[in-house]
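The block underneath contains the structure these notes are about, expressed in structure tokens.
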Amino acid sequence: MPLALHHHDPATLARRKVLVRTWAGLVIGWAVIRTLIVWAAVGDYGLNPWIYLAIDVASACVDAVTTPRMVLAFVDDQYKSATKWALISLVAFIIPDLYIFIGTRELPTRIVVIVCVIISLTLRVGVISVVRKIRAGRAAKAAAAEATVDGITPAP
């Protein structure tokens, strides 16, 4: 039932809260590390690392909220909501990378290719990670539902 309301037990809600907070910490930490890498790689071409850091941390904060919501919406078969969160998450993912091109003077072709390869690799890793999380969440949800049904079903 895609439109059915899903009520989760307190343990599931608490686990989801911990996972969301962990994701937020990882995403924001990665934003700081990525700023150092980007600054070292293209700082000589006019990139302002403080502006990049501000953009990346702001985008990471958005991503820290939207990606877990997207995953949980997919797990709960709420596709309209999941699509909305996915689009917002994608925009938050792309904005810091766009600043690399907008905030620098002319980049050598070699640097542009390297940045584009890194962007595509991180996007691919992100998509694969999200798909795995959705599959794991659905499997856990199905197992919990089966256990509940087995517990209610009378023994033969």
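Looking at the stretch 59-85, which of the residues that are without any contact (Cβ under 8 Å) to a residue 24 or more places away in the chain and surrounded by fewer than 18 Cβ atoms within 10 Å (Cβ to Cβ) is farthest from residue 25 (Cα to Cα)?
Step one: filter the stretch 59-85 for residues without any contact (Cβ under 8 Å) to a residue 24 or more places away in the chain, giving 69, 73, 80-85.
Checking the rest, the ones that are also surrounded by fewer than 18 Cβ atoms within 10 Å (Cβ to Cβ) come to 80-81, 83-84.
Values: 80: 27, 81: 24, 83: 24, 84: 23 Å.
Applying the filter and picking the extreme gives 80.
Could you please give the count of residues in the stretch 86-113 that are of a type in the set (D, E, K, R), without any contact (Cβ under 8 Å) to a residue 24 or more places away in the chain and either within 20 Å of residue 50 (Cα to Cα) or assigned to a loop (DSSP other than H, G, I, E, B) (or both)?
Here the count works out to 1.
Kindly provide the set of residues from the stretch 38-64 that are β-branched (Val, Ile, Thr) and at pLDDT 90 or above, ordered by number.
51, 55, 57, 62
Given (1) over 18 Å from residue 49 (Cβ atoms); (2) surrounded by 15 or more Cβ atoms within 10 Å (Cβ to Cβ); (3) of a type in the set (A, V, I, L, M, F, W, C), identify the lone condition not met by residue 116.
(2)
Restricting attention to the stretch 9-52, and to residues there that are among the basic types (Lys, Arg) and within 21 Å of residue 93 (Cβ to Cβ), which single residue is surrounded by the most Cβ atoms within 10 Å (Cβ to Cβ)?
Keep residues of the stretch 9-52 that are among the basic types (Lys, Arg), which gives 15-17, 21, 34.
Narrowing the set further to residues that are within 21 Å of residue 93 (Cβ to Cβ) leaves 21, 34.
Numbers: 21: 12, 34: 18.
In this case the residue turns out to be 34.
Of the residues 77, 63, 44, only one is out of contact with any strand residue (DSSP E or B) (no Cβ under 7 Å at 6 or more places or on another chain) and not in a helix (DSSP H, G or I); which?
Just one listed residue meets the conditions, 77.
The values are calculated or read from the model by the stated rules, or taken from the named source; none is laboratory data. Treat the numbers as computed from the prediction; the structure is a model and nothing was measured. Backbone-built Cβ (ideal geometry, glycine too); neighbour counts: all protein chains shown.
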